[in-house]
Amino acid sequence: MRCSEWLRRSGVTRKYMRYEATHRLLEQGFTIMKVTSITGHNTLAMLKRYAHLGPHDLAEKLG
């Protein structure tokens, strides 16, 4: 079974895959500029939809 066929049968969409990839890149510490160039988001507002970074994430970054 091809990957695209498996994705279609399992209900996984391209939108979900983009969301997941964006979220994981941000979790791994990629900068906003790098993530936008990788994912193709045109605006910061669009990228922020995927970020979902909470106060604990900021506290963790600050030490």
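The values are calculated or read from the model by the stated rules, or taken from the named source; none is laboratory data. Because the structure is a prediction, the values reported are computed rather than measured. Glycine also receives a Cβ, built like all others from the backbone with ideal geometry; neighbour counts cover every protein chain displayed.
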**OP:** Sort out which residues of the stretch 23-35 are over 11 Å from the mean Cα position of the chain (by Cα), outside any helix (DSSP H, G or I) and on the phi < 0 side of the Ramachandran plot, and write them in order of number.
**Re:** THR31
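Residue-by-condition table, conditions (1) outside any helix (DSSP H, G or I); (2) surrounded by fewer than 10 Cβ atoms within 10 Å (Cβ to Cβ); (3) modelled with pLDDT of 85 or more:
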{"position": "SER4", "(1), (2), (3)": "no, yes, no"}
{"position": "ARG8", "(1), (2), (3)": "no, no, no"}
{"position": "TYR16", "(1), (2), (3)": "no, no, no"}
{"position": "ALA21", "(1), (2), (3)": "no, no, yes"}
{"position": "SER37", "(1), (2), (3)": "no, no, yes"}
{"position": "MET46", "(1), (2), (3)": "no, no, no"}
{"position": "TYR50", "(1), (2), (3)": "no, no, no"}
{"position": "LEU58", "(1), (2), (3)": "no, yes, no"}
{"position": "LYS61", "(1), (2), (3)": "no, yes, no"}
